[in-house]
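Notes to accompany the following structure.
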Amino acid sequence: MFKGRHFDRSVILLCVRWYLAYSLSLRDLEEMMAERGISVDHATIHRWTVYYAPLLLEQLNLRKRPVSRKWHIDETYIKVRGRWMYLYRAIESNGDTVEFWFSSRRNLAAAKRFLFKALKRHGRPERIVIDGSQTNREAILGCDTADRLRDRSRRKLEPIRIRQSRCLNNRIEQDHRAIKRRVRSMMGFKSVNSARAVLGGIEMIHMMRKRQARYACTHQPSLAEQFERLAA
């Protein structure tokens, strides 16, 4: 993963972790590294983040604990080059992150793509809570029907129950805040690709803090230790 890099893996992981986890700008990190005798440009730190965040997220997903069968789904706004785009997110009844998907559009096709991704990775939920969005309701019904038609087992699959309630969906609205808090200090993204990679990294940090990954150790590793294990 780090072969051929000019900088040591510990420096790269430190910069990527600090940028994703804390309200630091790229220039803040450039200055902090300089104080430690390491000369690295802020643009290089950004390239590291865009490159390594998806790789580390992939490793985390391989260790991710199973989620419950009661989900909350919603989308939130993210600005890219002055234009609002959408981060679809799902959490389960205990607050753990189920899945997320970044889309330039907020429509039925985007909602279905997000749900198919969640169903493929985590299986069928018993119930999904949404707000008043009719588009999300139609997406759930469409994905549920398609999933049951594709199923080749002889067992009878119960339809996914849909609960529409703004009050009950406050749980995911609160969970959005951890993501939006970090994004807000970044002052927006310059491209869709970098936004997708960085948002994936921020979601990864959020899942690490929720202790959603399994590790072969008796204690719960720190954020820094989790990064080391994922990059090993």
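Derivation of every value follows stated rules applied to the coordinates shown; laboratory data play no part. Just so it is clear, the structure is predicted and the values come from calculations on it, not from any experiment. Cβ atoms come from the backbone with ideal geometry, glycine included; neighbour counts cover every protein chain shown.
Worth pointing out:
- For the chain, the membrane-span-like helix rule (DSSP H, alpha carbon extent of at least 15 Å along the helix axis, mean Kyte-Doolittle at least 0.5) picks out 9-21, 192-209; this says nothing about an actual membrane.
- Percent of Cα-Cα distances greater than 17 Å, calculated over region 70-192: 57
- Kirkwood hydrodynamic radius (C-alpha pairs) into Stokes-Einstein, the chain, 25 °C and 0.890 mPa s, D in µm²/s: 129
- Candidates LEU87, LEU62, LEU13: whichever shows maximal mean-square fluctuation once the chain is modelled as a Gaussian network with Cα springs under 10 Å: LEU62
- Rounded to the nearest 20 debye, the dipole size of the chain about its Cα centre is 920 debye, using +1 on the Cβ of Lys and Arg and -1 on the Cβ of Asp and Glu.
- Förster radius 30 Å - calculated FRET efficiency between LYS79 and ARG150, Cβ distance, rounded to 0.05: 0.25
- Between ARG181 and LEU62, the FRET efficiency estimated from the beta carbon spacing at R0 = 25 angstrom works out to 0.35.
- Convex hull volume per residue for region 127-232, taking Cα atoms only, in Å³: 208
- Whole-number D in µm²/s for region 1-111 (Stokes-Einstein; Kirkwood sum over Cα pairs; 25 °C, 0.890 mPa s): 148
- Helix-derived mean residue ellipticity, 222 nm - over the chain, DSSP H n ≥ 4, -39500 (n - 2.57), to 500: -17000 deg cm²/dmol
- Remark: for residue pairs LYS3/LYS64; LYS120/LYS156; LYS3/LYS117; LYS70/LYS120; LYS3/LYS79; LYS112/LYS210, the C-alpha separation exceeds 23 Å in LYS3/LYS64; LYS3/LYS117; LYS3/LYS79; LYS112/LYS210.
- Each Lys or Arg adds one and each Asp or Glu takes one away; over the other residues whose Cβ falls under 12 Å from the Cβ of LYS70, this sums to +3.
- Alpha carbon centroid spacing (whole Å) that separates region 169-232 from region 64-95: 12
- Available extension along the chain between LEU223 and ASP28 is 68.2 nm, counting 0.36 nm per residue and deducting the alpha carbon span.
- Gaussian network model of the chain, springs between alpha carbon atoms under 10 Å - residue of LYS156, LYS64, LYS112 with greatest fluctuation: LYS156
- Sorted on the mean count of surrounding Cβ atoms within 10 Å across their residues, most packed first, peptides 123-135, 33-45 read 123-135, 33-45.
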